[in-house]
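Before any comments, here is the structure.
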Amino acid sequence: MAFKDFGARFMSRVMAYYLQQQSRELHILVATSGDTGGAVALGFYQVPGIQVTILYPSGKVSPVQELQLTGLGKNIRALEVEGSFDDCQRLVKEAFLDEDLNRRYFLSSANSINIARLIPQAFYYIHAVAQLRRQGDDRPVVFSVPSGNFGNLTAGLIARRMGVPVGHLVASTNINDVVPEYLEQGVFRPRASRQTLSNAMDVGNPSNFARMLDLFHSDARAMAAAITGYRFSDAQTLAAMEDLYDETGYLMCPHTAVAYLGLGRYLDQFPARAVSGVFLATAHPCKFPEVYSEEIRQSIAKPGQLQGLEGRSKQATIMSTRYADFKDWFTGHSSERS
Ligand SMILES: *Cc1c(COP(=O)(O)O)cnc(C)c1O
C-alpha cells in the first residue's frame, strides 16, 4: 500500500538470489517512521537466509502501519523504541559503525540509499509514459514527485538517463524544503526536520541529494533547468485533499496531495496545456486515518491487502533508546556469521 513496496520487494529478491551461494545469514536493520518498515517487512517476509529487524518509534506510527510492522513474525522482528524516529535511526547507524557487531554478524540496510530500491522505481515512470502514449497523448510529460529523501525523484532522473521521455520534474515537498531552496538559491542547507501531516517526507537532509548532484555534475543551474521545487503547508495539503475529494470522490494521502498541489502550480504556466501532467501517488489513505475529517475517514474503503493482516496480533519488543540495550537484545536473538 505504498510505492516503497515495489522497490523493497525487488531488493529482497535480488539479495536472496546472491545469498544462495553463501551459507551465512543476512541481517537487515532498518529504522522507520512508518512506511519504509512496512514495505521492508512485507517485501522480506519469509525470504530465506534473511532476518529483518525493524525499529519504530512507539506511538508515532498509525495503526495500519504498526500492524504491517509487527503482525507478520517469522523472520520479521519489530522493536518498539521508546523514543523518536531519530532515536531509531541513531541506533541503526551506531550498529553499522560497531566493529564488534559487524565482525560477528553480516549486516545490511534497506533504505533508499540502496540502489536496488531505486532501479525498480524507475519503471513507474516508464509505465506512466507508456500509458499516455497508448492513449495517443504525445505531449511532453511533467512529473510531480512528493519528496522526502528524494529516492523516487532520483529514480525519475535515472529513467530519463535510460532514455525514457521523462520531461520536466517537479520536486514537491512539505515545509521541509531544503531541495526547493537549493533549486531557487543554489545553496544546500541541511537542517533538522520539522513534523508535518505528510510525515514520510519530514526529512531535513535528503539522502539521495548526493546522487542528484552527481547526475547534474554539481551544477545547480542545470539541475534547476530540469527540476522545479515547490513547498506546501499542512493547511494547503488538507484543503487540497478535501477539495479533490469533494469534486471527484478521489481520496489522496497527504503525501500525494503535496504532489498534486505541485503539479497544479507548475501547470498553471501552461494554460494551453502543451504538456501532460502526472503526479505520483505514494500511499493508500487508510494508513493515515487521523488526518481526515470524521466524515471522510468513515468513507475510506479497506483494501483487500489489509484483510490478511487484520486477524494478526502485534508482536513487538519494547526497547529503550540506549545502544547497549539494543546490542544486548540483538546479540541474544541473532545467529552469528559462520
Ligand atoms: C517515503 C515516502 C515518500 C517520499 O519518498 P522519497 O523517495 O523518500 O522522496 C513520499 N510519500 C510516502 C507515502 C512515503 O512513504
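The range 282-317 and the range 39-63 have their alpha-carbon centroids 17 Å apart. Taking all protein chains as they are arranged and a probe of 1.4 Å, the heavy atoms of S193 leave approximately 50 Å² accessible to solvent. A protection proxy built from the mean count of other Cβ atoms within 10 Å ranks the segments 284-297, 30-43, 198-211, 323-336, most packed first, as 30-43, 198-211, 284-297, 323-336. Evaluating 6.51 cos²θ - 1.76 cosθ + 1.60 at θ = phi - 60° for every residue in the range 242-251, the Karplus couplings come out as 5, 5, 5, 5, 4, 6, 10, x, 8, 9 Hz, glycine and proline recorded as x. In the chain, the DSSP-assigned H stretches of four residues or longer account for a calculated mean residue ellipticity at 222 nm of -14000 deg cm²/dmol, using -39500 (n - 2.57) per stretch and the full residue count as denominator. The mean sequence distance of close C-alpha pairs (under 8 Å, at least 6 residues apart), as a share of the length of the range 1-47, puts its relative contact order at 67 percent. Taking 23 Å as the straight-line reach from the Cα of K74, the lysines in range (excluding those fewer than 8 positions away in the same chain) are K4, K314, K327.
Classification of the range 217-338 by its C-alpha gyration tensor yields an oblate form. The axis ratio a/c (a ≥ b ≥ c) is 1.5 or more, and b/c is at least a/b. Judged by the mean number of other Cβ atoms found within 10 Å, the most tightly packed of the peptides 101-108, 19-26 leads the ranking 101-108, 19-26. For the range 10-84, the Cβ-based charge dipole about the Cα centre amounts to some 240 debye (Lys, Arg positive; Asp, Glu negative; other atoms uncharged).
Shape class for the range 15-103, computed from the alpha carbon gyration tensor (a ≥ b ≥ c): oblate, with a/c not under 1.5 and a/b at or below b/c. Rounded to whole numbers, the Karplus 3J(HN,Hα) couplings from phi for the range 278-283 are 10, 10, 7, 8, 10, 8 Hz, using 6.51 cos²θ - 1.76 cosθ + 1.60 with θ = phi - 60°, and x at Gly and Pro.
With only Cα atoms counted, the chain has Rg and Dmax values of 20.3, 65 Å.
Highest mean packing comes first when the peptides 172-178, 212-218 are listed by Cβ atoms within 10 Å, giving 172-178, 212-218.
Taking all protein chains into account, the per residue accessible area for the range 1-53 stands at 39 Å² (1.4 Å probe). About its Cα centre, the chain has a charge dipole of approximately 1060 debye under the convention of +1 per Lys or Arg Cβ and -1 per Asp or Glu Cβ, with nothing else charged. Largest accessible area first, the residues Y266, Y17, Y245 order themselves as Y17, Y245, Y266 under a 1.4 Å probe with ligands, DNA and RNA left out.
Taking amide H as placed 1.01 Å from N in the peptide plane, the amide H of A78 sits under 5 Å from that of I54, T317, each at least 5 places away or on another chain.
Accessible surface of the range 193-335, 1.4 Å probe: 49 percent of it comes from carbon and sulfur atoms. 3J(HN,Hα) along the range 183-190: 5, 7, 10, x, 10, 9, 10, x Hz, from the Karplus curve 6.51 cos²θ - 1.76 cosθ + 1.60 with θ = phi - 60°, whole Hz, x for Gly and Pro. Scaling the Cα radius of gyration of the range 285-334 by the globular reference 2.2 N^0.38 Å produces a ratio of 1.82. Taking each residue as 0.36 nm, the span from L97 to K327 lengthens on full extension beyond its C-alpha to C-alpha distance by 81.6 nm.
Taking every C-alpha pair closer than 8 Å and separated by at least 6 residues, the mean separation divided by the residue count of the chain gives a relative contact order of 21 percent.
From the Cα gyration tensor of the range 136-281, with a ≥ b ≥ c the square roots of its eigenvalues, which class applies: rounded if a/c is under 1.5, or else prolate if a/b is larger than b/c, or else oblate? In terms of gyration-tensor shape, oblate. Annotation: aspartates and glutamates with alpha-carbon distance below 19 angstrom to K287 (same-chain offsets under eight excluded): D5, D35, E66, E80, D202, D234, E242, E295, E310. Calculate the dipole size of the range 222-338 relative to its Cα centre from +1 charges on Lys and Arg beta carbons and -1 charges on Asp and Glu beta carbons; express the result in debye to the nearest 20. The calculation lands at about 520 debye. Distances between placed amide hydrogens fall under 5 Å for G277 paired with V142, all partners being 5 or more residues away or on another chain.
The values are calculated or read from the model by the stated rules, or taken from the named source; none is laboratory data. Because the structure is predicted, anything quoted here is derived from the model rather than measured. All Cβ positions, glycine included, derive from the backbone under ideal geometry; neighbour counts span all protein chains shown. Accessible surface areas use protein heavy atoms only, side chains included; no ligands, DNA or RNA. Shrake-Rupley method; radii C 1.70, N 1.55, O 1.52, S 1.80 Å.
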